[in-house]
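Contents: one structure, followed by commentary.
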Amino acid sequence: MATASLACLFAFTSASGSVPSETRDVLQEWVKVKALISQEREEWATEKALIADTIELLNAEKEMLAETIDSRKDAAEAAANERTELSLKKESLDADAATLGEVLTGYESEMTAWVPSLPALLQEELAPLIRRLPTEENASSNAGIGRRLQSVVGILSQVDKFNSSVTYRKELRDSGEATKETDTLYFGLAYAVYSDAEGSSAGYGKPGPEGWTWEAAPEAAADIKELIAVYKNETPAKYVSIPLSIQ
C-alpha cells in the first residue's frame, strides 16, 4: 500500500513539475527509513551468521565435553576396578605373609637354639645374619618378612654348604701349655681333627649342645697330621686311620 502511494506521489510530482516541502520531507524520511531497514537487515544477517557459528561451536564443545565425560567415567570405573583388585591382592598377600610369619617364627626359634652348637668359625661367618634372629631385645615382629626370610634362608644355605663338605681352617688352639696355630679339618658338622705343624699337639672335636668340645689325641697325632697333609696335597693320597666317634 505504501509502495503504491509512493508511486502515485512520484507521478503527481512529475506531472505538476514542483515538489511541495511536505513531500520532500516525506521522501527524505522514507529514504532514511529504507537505509535504516537495509542496515538493520545487514546487521541482522551478520549477527545471524555469528549466532549460527557460535551455536555450531558450542555444539562441537558439547560433543567434546560429552566424550571427555564418557572417557573419564570409563577411566574412573577402570581405576575403581583396579583398586578393588589391588585390595583383594593385598588381603591375599597379608594372609600369606601372616602364614609365612608363623613359619619363620618356628625356624627362628629352632635356629636360636642350635646356633651355639655350630663351630666357632662358622658362627663368625654367620654373625651378621645371626644378629638378625629375634631376641627378647629384638622381637621378630619389628622386622619385615622379607628381611627375616633373607636371614633364615642365608643361615640355612651356609650351614648346609658347610655340612656337606670338608672344610680346612687354620685356628688358634690352647693346648694347656701354650696357644698354638693348628690345621683343622671339619667333616661337615659331625667331626673335626686338628694338628699343629710339628704334630706334637693333635686331637679331634665334635659338636655339643653348648658348642664344640675338643680333646687331645696324642696317640693319633701322627695319623691326624698325615691326614691333613694328604688333604693339603703335601703327600700322596692314601688311607689313613684316625679315631672317630660320632653320636
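The values are calculated or read from the model by the stated rules, or taken from the named source; none is laboratory data. Remember, predicted model here, so these are calculated numbers, not experimental data. All Cβ positions, even for glycine, are placed from backbone atoms using ideal geometry, and neighbour counts span all protein chains on display. In case anyone asks, the SASA skips ligands and DNA or RNA and just uses the protein heavy atoms, side chains included. Shrake-Rupley method; radii C 1.70, N 1.55, O 1.52, S 1.80 Å.
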Worksheet item: Does Val115 fit the bill of being assigned to a helix (DSSP H, G or I) and in contact with a helix residue (DSSP H, G or I) (Cβ under 9 Å, 6 or more places away or on another chain)?
Response: yes
Practice prompt. Return yes or no: is Ala202 farther than 18 Å from Val103 by Cα, out of contact with any Pro (no Cβ under 9 Å at 6 or more places or on another chain) and either of a type in the set (A, V, I, L, M, F, W, C) or open to solvent by less than 40 Å² (accessible area, probe 1.4 Å) (or both)?
Written response: no
Worksheet item: Do you know which of the residues in region 172-202 that are more than 52 Å from the chain's Cα centre (by Cα) and not acidic (Asp, Glu) is farthest from Ser241 (Cα to Cα)?
Response: Ala178
Discussion item. Whether any residue in region 105-114 is open to solvent by 60 Å² or more (accessible area, probe 1.4 Å), over 30 Å from Thr213 (Cβ atoms) and within 20 Å of the chain's Cα centre (by Cα) is what I want to check.
Written reply: no
Worksheet item: Leu133: part of a loop (DSSP other than H, G, I, E, B), at pLDDT 85 or above and either open to solvent by 80 Å² or more (accessible area, probe 1.4 Å) or not charged (D, E, K, R) (or both), yes or no?
Response: yes
Worksheet item: Would you call Glu124 modelled with pLDDT of 85 or more, surrounded by 10 or more Cβ atoms within 10 Å (Cβ to Cβ) and within 23 Å of Gly211 (Cβ to Cβ)?
Response: yes
Item to complete: Only strands (runs of 3 or more DSSP E) wholly contained in region 181-226 count here; list those with 2 or more residues that are within 13 Å of Ser117 (Cβ to Cβ).
Response: 202-206
Discussion item. Residue pairs, Cβ under 7 Å, 6 or more apart or interchain, first in region 110-126 and farther than 16 Å from Leu172 by Cβ, second part of a loop (DSSP other than H, G, I, E, B). List them.
Written reply: Met111/Leu133; Thr112/Leu133; Pro116/Glu210; Pro116/Gly211; Ser117/Pro207; Ser117/Gly208; Ser117/Pro209; Ser117/Gly211
Worksheet item: Just wondering, is there one or more residues in region 94-102 that are part of a helix (DSSP H, G or I), open to solvent by less than 80 Å² (accessible area, probe 1.4 Å) and either at pLDDT 85 or above or touching a Ser or Thr at 6+ places or on another chain (Cβ under 7 Å) (or both)?
Response: no
Practice prompt. Return yes or no: is Ser165 among the hydroxyl-bearing types (Ser, Thr, Tyr) and closer than 17 Å to Met111 by Cα?
Written response: no
Discussion item. Name the single residue that is farthest from Asn233 (Cα to Cα) among those in region 164-199 being open to solvent by less than 20 Å² (accessible area, probe 1.4 Å), among the small types (Gly, Ala, Ser) and modelled with pLDDT of 90 or more.
Written reply: Gly188
Worksheet item: Of all residues in region 205-237, how many are surrounded by 13 or more Cβ atoms within 10 Å (Cβ to Cβ), farther than 21 Å from Val159 by Cβ and small (Gly, Ala, Ser)?
Response: 6
